[in-house]
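Q: Have a look at this one before I ask anything.
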Amino acid sequence: MTTIYVEFFDHTLDPRGTRAGAKPSMGMPDSWLDALIGDGHVEQRDYVAPGVLKSITARFPTHAHREQFTSAVREVSKLMGTRAVVHGDRTW
């Protein structure tokens with residue numbers, strides 16, 4: 001098992017970091033994360049507003065599952081007007 005911590009940045013305060021064509025967001029919409037998690041499991045969710053994630057702690061069965069998720073969440077977060085930064089990795 002592998003566990004990661006992902007932070008989503010609030011671009012409403014400084015929209016210069018937002019991808020062109022995206023509306024600046026306070027974080028990642030909860031429903032979008034649920035669509036991306038796949039075989040993973042979200043252990044903890046921190047919200048900046050109702051339905052908008054500030055950060056998560058997630059666990060994945062393999063390194064390959066984790067890599068697939070981190071790649072997808074980074075790209076989707078840009079489209080959602082935020083930025084995902086993946087911290088740490090623990091493997092059991």
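Q: Please enumerate the residues belonging to the stretch 17-31 that are in contact (Cβ under 8 Å) with a residue 40 or more places away in the chain and not hydroxyl-bearing (Ser, Thr, Tyr).
A: Within the stretch 17-31, 17, 19, 22, 23, 24, 26, 27, 28, 29 meet the criteria.
Q: For residues that are under 24 Å from residue 88 (Cβ atoms), surrounded by 13 or more Cβ atoms within 10 Å (Cβ to Cβ) and not aliphatic (A, V, I, L, M), tally how many sit in the stretch 12-35.
A: 6
Q: Within the stretch 4-22, track down each residue that is within 14 Å of residue 55 (Cβ to Cβ), acidic (Asp, Glu) and either assigned to a loop (DSSP other than H, G, I, E, B) or in contact with a helix residue (DSSP H, G or I) (Cβ under 7 Å, 6 or more places away or on another chain) (or both).
A: Correct list: 10 only.
Results for (1) of a type in the set (Phe, Trp, Tyr); (2) part of a helix (DSSP H, G or I); (3) under 19 Å from residue 23 (Cα atoms), shown as yes or no for each residue.
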position	(1), (2), (3)
44	no, no, no
48	no, no, yes
59	no, no, no
64	no, yes, no
68	no, yes, no
76	no, yes, yes
81	no, no, yes
87	no, no, no
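Q: Could you tell me which of the residues 55, 31, 25 is of a type in the set (S, T, N, Q) and either touching a Phe, Trp or Tyr at 6+ places or on another chain (Cβ under 6 Å) or in a loop (DSSP other than H, G, I, E, B) (or both)?
A: 25
Q: Something else: Only one of these is touching a strand residue (DSSP E or B) at 6+ places or on another chain (Cβ under 6 Å), of a type in the set (D, E, K, R) and free of Cβ contacts under 8 Å to residues at least 60 places away in the same chain: 34, 46, 14. Name it.
A: Criteria check complete, one pass: 46.
Q: Take the conditions at pLDDT below 90, loosely packed, with under 15 Cβ neighbours inside 10 Å and at positive phi and apply them to residue 38. Does it pass?
A: Criteria met by residue 38.
Q: Let me ask something else. Kindly indicate whether any position in the stretch 17-33 is at pLDDT below 90, over 13 Å from the mean Cα position of the chain (by Cα) and among the polar types (S, T, N, Q).
A: Scanning the stretch 17-33, I find at least one residue that is at pLDDT below 90, over 13 Å from the mean Cα position of the chain (by Cα) and among the polar types (S, T, N, Q), so the answer is yes.
The values are calculated or read from the model by the stated rules, or taken from the named source; none is laboratory data. All values derive from a computational prediction rather than experimental measurement. As a convention, Cβ positions derive from the backbone with ideal geometry for all residues, glycine included, and neighbour counts pool all protein chains shown.
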